[in-house]
Amino acid sequence: MPTPRLKIENLFCERDDRVLFESLNFEVNAGEVLQVEGQNGSGKTTLLRILSGLSRHFEGDIYWQGQSLDDCAQDYRESLLYFGHQPGVKAVLTPRENLRWYASMHPAIDLAKLDYALEKVGLSGYEDTACHTLSAGQNRRVSLARLYLSSAPLWILDEPFTAIDKRGVAEKEVLIAAHAEQGGTVILTTHHELAMGDKIRRLNLDQLAGTL
Amino acid sequence: MSFESFAEFIDMGGHGLYVWLSYAIALIVIVTNIVNPLMHKRQIFIEQASRLRREKPKS
Amino acid sequence: MSDTVPNQPADSGMVSECKVDGPFWGALKRDLLLSYRRKSDLVNPLIFFLMVATLFPLGVSPDPGFLADVAPGVVWVAALLATLLSMDSLFRSDFEDGTLEQILLSPQPLYMVVLAKVLAHWMLTGLPLTLLAPLLGVMLFLPADGMSGLVISLLLGTPTLSLVGAIGAALTVGLRKGGVLISLLVLPLYIPVLIFGSAAVQGAVTGLPLGGYFAILGAMLSLGLVMAPLAIGAALRISVSG
Amino acid sequence: MAEKKWMPRWFYQLASPRWCYEITGKLLPIFAIAAVATLLVGTIWALAFAPADYQQGNSFRIIYIHVPASILAQSCYMMMAVAGAIGLIWKMKVADMVAKACAPIGATIAILSLATGAIWGKPTWGSWWVWDARLTSMLILLFLYLGIIALNSAIENAQTAAQSTAVLALVGLVNIPIIKYSVDWWNTLHQPATFTLTERPAMPSEMWVPLLVMVIGFYCFFAVAMMLRLRNEIIQRERRSSWVRDLITG
Amino acid sequence: MNPKRKQRLIIVLFIVFGAATAVGLSMYALNQNINLFYSPTDIVDNKAPEGTRIRAGGMVVEGSVIRDTQSLNVMFDMTDYANSVTVSFTGILPDLFREGQGIVAQGAMNSDGVFEAVEVLAKHDENYMPPEVAEALEKAGKMPDQMRAKGAE
């Protein structure tokens, strides 16, 4: 059996005197889409932040392709695309400038696809408009354009569809499914009912939540 | 003993104020550093005990 | 990828140029561009610098002899406070819009990115302050002999202020009320720079050899330059994690 | 600093809060007795039996408070920085707590050192305060302590607070050699170090033996104060665990 | 070399280089011997500016202290064993002020070549001893100050 892409062992996390999850174990393999579910405050965002390496407030072990995250931090970041609560878009820069800067941070980004990606998220014509003149949804789409540019195998997406219209959501779903089919891995949280429902593995944090 | 009388001891050769002030401040610093955590400990125990009483009926 | 290029043929050159941008140049260019777009951030510390220096003749004494005596200290304190004021925003906007998360998650060495951000900050505050300092020197009747000392000491000292201040900014970035706290954390570490900076100006006025002062300012700068990014990086990871 | 190293399991167990609480409970009375004994003996010796200085007369007796306080203020800072670093690198909870316990003690001791220095300075130098390198750098040390306390109380999450203060403490460590060598580097008013490890002290034994007793007394006092705070911190942080629950109810 | 390793190596080299520069510069600065006060020699050589507030330091020359009986005015000579300067001061002197003692004075040079002090601070050293010991050493001519003075001559 091949080593799983991402393996979580005995994860324990406590926040503000509340145990969010303890002895949490799961694996995510290539070609899988994992949807993390749970009520508000069940620790979805916290879990994704822990998995991305942003948050260190946990006990337990996380392995990326068999290696502990602490030992392969740089490799892991190279293979990760993270979409957080804030879109990570500078308001005074244009979409193009934002993505260029992102590319300078992530050498794996293919900038030649920049216009194609912006067109795909419905921003063609806005490439050189400052982002603060765009709507909240458009700002999130600037950030989502990274999905079309990136070749990172692991996507961690925290509520990627907030403020995105139905057509946009459908397109992103297709993209996510395609990414999984090509051997990518996606971990996401969303309040949207996904059309690709049956292909998704679910992880419900409510059942795991520790007692007070 | 380097002093002849108690009055001389208090006077410290004219530097009594300086010397005794220094030792007094030292005493205050040492005592506060001991008393403060002890009082804090009492407070923690009272707080935690009442919290436990509060939570007991639930479980 | 041919479908992307045709509309902007001029752009393809820039794209490939952009591709070779390392993390250092990428971050530096971005921060310079950002403050170019928000010019008030650029000008405010300078206005503050001028205003503080104006307060002294008005508030203490307009006597040229007295002002000449205190000028080195006043200019240095004003520069220090102006730097401190601009410090809080160094990582805050990045933290609020989520770009800081993206920086921390990038595979590029954080050391480089942080160094570039601090360099950008210095180019936008410390350098203009240094260039403006002779004007303040004239306003405060600083003898002409002291001008070179003033400019060189600020040139060597202000980058250290930016580097040390960035540590404070990184430690407080996750806190809502970081502004006052940052001064509390950073000012003690600024004191040595202030002492040797103003002493160098004083020395220049009285015609003492300045080599020693500049050497110490230079030593603090090079130590800060290599060590501060490590502390800033660690502090950022901690702050974002919390 | 970003990468965390993992220590063997036994290291963790050794430094577990519960074990630490129990061991400090056993050590506390020993150090308390030692502190009371040495401080009492030292103070009486210093005030009544030690000879006066040929130049300064009896104001010299302030040295028996001033020097131990100054030494302790710096050692305490170093201990805080080292504990902070251990907590940062090995994610060891107890080290974080030790660092947190050190800060308020160190701040008060630094105040004591500055206050006694000022009181001593008035009759000997002729001024309560002079802005020379030694005094200024000691004042910076106090400011660093205050900054660390402020930062610690501003951050709500205990782990983030501990890590942030550890970084600040490590940065502030540059001040320690400045304090140490300020007297040698700059020709200042403050006299050079009274105690060094390598040389015999430049005062007769009837003067420095009580000083040594006082230094040991101050260290014992520090150990007591630190352990008291550490134990509070352990109970506070481990209040959810069953052993603390038993401790409080039982 | 792989680019990641190369980047890391560059950073490490940068740190080593910077730390070495810092050490080198501070060694240089220490050799420059930054003085926080002027010595009498500096003043005699006109290195110290006239009229501006400076700090001057040196030893009080034995037998040079003249106290004014009417006021608190004191005149004394201050020396670094090469040159000496006359200092004038009005006010209460610290306990440690005595002949042969190191002092630091704050003030300015006047046009007569007299240092007009605003504040006089006594510098003391790390040599503490009981009065009897000091007396005995004095007799034997082994007082630390005298030894140092002999060394300086």
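The values are calculated or read from the model by the stated rules, or taken from the named source; none is laboratory data. Fair warning: this is a prediction, and the values are worked out from it, not measured in the lab. Virtual Cβ from ideal backbone geometry, glycine too; neighbours counted across all protein chains shown. For the accessible areas, the whole protein counts, side chains as well, though only heavy atoms, and no ligand, DNA or RNA atoms are used. Shrake-Rupley method; radii C 1.70, N 1.55, O 1.52, S 1.80 Å.
Summed over the stretch D:138-159, residues that are touching a Pro at 6+ places or on another chain (Cβ under 9 Å) and of a type in the set (A, V, I, L, M, F, W, C) total 8. Taking the listed residues C:L161, C:L217, C:L189, C:L142, the one that is within 12 Å of chain E (Cβ to nearest Cβ) and buried (at least 24 other Cβ atoms within 10 Å of the Cβ) is C:L217, with no other qualifying. When the stretch E:78-119 is filtered for residues that are more than 15 Å from the chain's Cα centre (by Cα) and acidic (D, E), the ones remaining, listed by number, are E:D95, E:E99, E:D112, E:E116. Test B:V29 against the criterion of being more than 7 Å from chain D (Cβ to nearest Cβ), under 24 Å from D:L114 (Cβ atoms), under 26 Å from the mean Cα position of the chain (by Cα) and not acidic (D, E), and give yes or no. No: the conditions fail for B:V29. Exactly one condition in (1) under 26 Å from E:I54 (Cα atoms); (2) more than 7 Å from every other protein chain (Cβ to nearest Cβ) is false for C:G212; which is it? Failed condition: (2). Picking from residues in the stretch A:185-195 that are farther than 20 Å from A:K120 by Cα and in contact (Cβ under 8 Å) with a residue 24 or more places away in the chain, the one that is surrounded by the fewest Cβ atoms within 10 Å (Cβ to Cβ) is A:H191. Scanning the stretch B:38-59 for residues that are within 8 Å of chain D (Cβ to nearest Cβ) and over 17 Å from D:V244 (Cβ atoms) turns up just one, B:L38.
Quick grid of which residues meet (1) hydrophobic (A, V, I, L, M, F, W, C); (2) part of a helix (DSSP H, G or I); (3) surrounded by 11 or more Cβ atoms within 10 Å (Cβ to Cβ):
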position	(1), (2), (3)
B:L21	yes, yes, yes
B:A26	yes, yes, yes
B:V29	yes, yes, yes
B:T32	no, yes, yes
B:V35	yes, yes, yes
B:H40	no, yes, yes
B:I44	yes, yes, yes
B:E47	no, yes, yes
B:R54	no, yes, no
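Here's the yes/no breakdown for (1) in contact with a Ser or Thr (Cβ under 8 Å, 6 or more places away or on another chain); (2) part of a strand (DSSP E or B); (3) in contact (Cβ under 8 Å) with a residue 12 or more places away in the chain; (4) open to solvent by less than 60 Å² (accessible area, probe 1.4 Å):
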{"residue": "A:Q39", "(1), (2), (3), (4)": "no, no, yes, no"}
{"residue": "A:S42", "(1), (2), (3), (4)": "no, no, yes, yes"}
{"residue": "A:L48", "(1), (2), (3), (4)": "yes, no, yes, yes"}
{"residue": "A:L51", "(1), (2), (3), (4)": "no, no, yes, yes"}
{"residue": "A:S55", "(1), (2), (3), (4)": "yes, no, no, yes"}
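Determine whether the stretch B:3-16 contains at least one residue that is polar (S, T, N, Q) and facing chain D (nearest Cβ under 7 Å). Within the stretch B:3-16 (the criterion being polar (S, T, N, Q) and facing chain D (nearest Cβ under 7 Å)), the answer is no, since none of the residues qualifies. C:V164 - would you say it is over 17 Å from the mean Cα position of the chain (by Cα), part of a helix (DSSP H, G or I) and of a type outside the set (D, E)? In short, no. Of the residues making up the stretch C:67-93, just one is more than 23 Å from C:L156 (Cβ to Cβ), at pLDDT below 90 and open to solvent by less than 10 Å² (accessible area, probe 1.4 Å), namely C:L67.
Among the residues in the stretch C:223-230, are any more than 10 Å from chain D (Cβ to nearest Cβ) and more than 30 Å from A:G84 (Cα to Cα)? For the stretch C:223-230, residues more than 10 Å from chain D (Cβ to nearest Cβ) and more than 30 Å from A:G84 (Cα to Cα): present.
A search for C-beta distances below 6 Å between a residue of the stretch D:230-250 that is farther than 19 Å from D:N152 by Cβ and more than 9 Å from chain B (Cβ to nearest Cβ) and any residue that is aliphatic (A, V, I, L, M) and part of a loop (DSSP other than H, G, I, E, B), counting only pairs 6+ apart in sequence or on different chains, returns nothing. Selection within the stretch D:39-53: residues that are at pLDDT below 90 and buried (at least 22 other Cβ atoms within 10 Å of the Cβ). The member of this set that is nearest to the other protein chains (Cβ to nearest Cβ) is D:D53. Cβ separations smaller than 8 Å between residues 6+ apart or across chains give the following pairs from the stretch A:65-92 residues that are closer than 22 Å to A:N139 by Cβ to residues that are open to solvent by 20 Å² or more (accessible area, probe 1.4 Å) and hydrophobic (A, V, I, L, M, F, W, C): A:A91/A:A130; A:V92/A:A130. Take the residues in the stretch A:155-181 that are touching a Leu at 6+ places or on another chain (Cβ under 8 Å) and of a type in the set (V, I, T), then tell me which one is surrounded by the most Cβ atoms within 10 Å (Cβ to Cβ). Ranking the qualifying residues of the stretch A:155-181, first place goes to A:I156. Test D:M80 against the stated conditions and say whether it is open to solvent by less than 10 Å² (accessible area, probe 1.4 Å), of a type in the set (A, V, I, L, M) and touching a Cys at 6+ places or on another chain (Cβ under 6 Å). So D:M80 passes the test. Collect the residues in the stretch D:79-97 that are of a type in the set (G, A, S) and either within 12 Å of D:V167 (Cβ to Cβ) or not in a helix (DSSP H, G or I) (or both), keeping them in residue-number order. Listed by number, the residues that qualify are D:A81, D:G84, D:A85, D:G87. Just so you know, in the stretch D:56-71 the residues that are modelled with pLDDT under 90, within 7 Å of chain B (Cβ to nearest Cβ) and in a helix (DSSP H, G or I) include one that is most open to solvent (accessible area, probe 1.4 Å), and it is D:N58.
So that you can scan it fast, the table gives a plain yes or no per residue for (1) part of a helix (DSSP H, G or I); (2) touching a Pro at 6+ places or on another chain (Cβ under 6 Å); (3) of a type in the set (A, V, I, L, M, F, W, C):
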site: C:N44; (1), (2), (3): yes, no, no
site: C:L50; (1), (2), (3): yes, no, yes
site: C:F66; (1), (2), (3): yes, no, yes
site: C:S86; (1), (2), (3): yes, yes, no
site: C:L90; (1), (2), (3): yes, no, yes
site: C:S93; (1), (2), (3): yes, no, no
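Step by step: first the residues of the stretch A:68-82, then only those that are more than 9 Å from chain C (Cβ to nearest Cβ) and more than 15 Å from E:K4 (Cβ to Cβ), then the one that is surrounded by the most Cβ atoms within 10 Å (Cβ to Cβ). Which residue is that? Checked the stretch A:68-82; the qualifying residue surrounded by the most Cβ atoms within 10 Å (Cβ to Cβ) is A:L69.
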